[in-house]
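Inspection log for the structure reproduced underneath, given as structure tokens.
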């Protein structure tokens with residue numbers, strides 16, 4: 001009798017105990033996939049870097065062409081440190097390898113995140129990802145082909161009498177990378193403008209009313225991020241202003257006033273079931 005009572009009083013293991021284990025396995029699988037995506041992105045950058053290493057001096061010569069074209073006759077670039085002649089071209093090549101690999105790196109990030117997004121979120125995120133990447137490239141190209149010739153022409157013609165312009169290659173590389181990042185980021189203004197309206201942080205009408213503050217901020221950013229000449233400042237400030245207007249135009253066209261309520265439509269909220277494969 002006592003044995004039967006013990007059997008009746010002993011509770012069975014709850015079936016819900018398997019749920020934490022399943023959640024842990026799911027979390028581990030996500031970490032494994034994240035590691036795989038990161039390794040693929042790093043491998044891509046490494047392969048591109050190895051392919052570009054034999055041409056690192058040619059890449060630096062191409063980058064220095066806008067400055068060399070504006071330097072007075074007889075002036076050259078110099079390396080003031082022992083390792084600068086190797087270090088500066090290598091750093092530039094590594095930056096160029098990352099720059100070239102950005103689409104593949106972003107694709108790996110998208111392939112990892114996309115399965116957890118709703119259908120309407122994927123429809124919004126993918127065009128924004130593609131457009132932001134393209135705008136960054138356009139900003140860098142605008143800086144190299146338009147801004148650099150004007151800025152370097154200003155710098156080389158304003159040197160005091162008796163001063164020979166001989167730029168250090170490491171200092172030039174730091175300056176160029178900073179300018180590339182500044183213009184590439186500035187050209188993301190349409191995406192940022194669209195997002196703040198799309199997420200409901202501010203309406204398009206309210207954003208248009210603050211146009212004067214945006215203009216002041218654009219010229220302030222141009223004064224801080226560019227060389228101290230009017231042409232370079234305007235070359236950054238005016239595009240920021242124009243890109244803000246473009247982003248505002250797209251926000252007015254694509255974002256409807258009642259779109260926040262429409263986002264709750266159940267037909268749009270179907271999560272993806274399978275992960276995308278590269």
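No value in this document is a laboratory result; all are computed from the given coordinates. All values reported here derive from a predicted model rather than from experimental measurement. For neighbour counting, all protein chains shown are included, and Cβ atoms are generated from backbone atoms with ideal geometry for every residue, glycine included.
Here are the numbers for this structure:
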read-out: Relative exposure of 138, 169, judged by other C-beta atoms within 10 Å (fewest first); value: 138, 169
read-out: Projected area, mean over directions - the range 21-268, Cα convex hull, nm²; value: 18.0 nm²
read-out: Cα-based Rg and Dmax for the range 150-191, where Dmax is the largest Cα-Cα distance (Å); value: 14.1, 48
read-out: Per-pair calculated FRET efficiency, R0 = 22 Å: residue 178 and residue 138 via Cβ, rounded to 0.05; value: 0.75
read-out: Likely footprinting exposure, 234, 44, fewest C-beta neighbours within 10 Å first; value: 234, 44
read-out: Net length gained if the chain between residue 27 and residue 40 were fully extended (0.36 nm per residue, minus Cα distance); value: 2.7 nm
read-out: Cα centroid separation - the range 39-77 against the range 171-209, whole Å; value: 27 Å
read-out: The range 103-182: radius of gyration and largest Cα-Cα distance (Dmax), Å; value: 19.9, 66
read-out: Least to most buried among 53, 235 (fewest other Cβ within 10 Å first); value: 53, 235
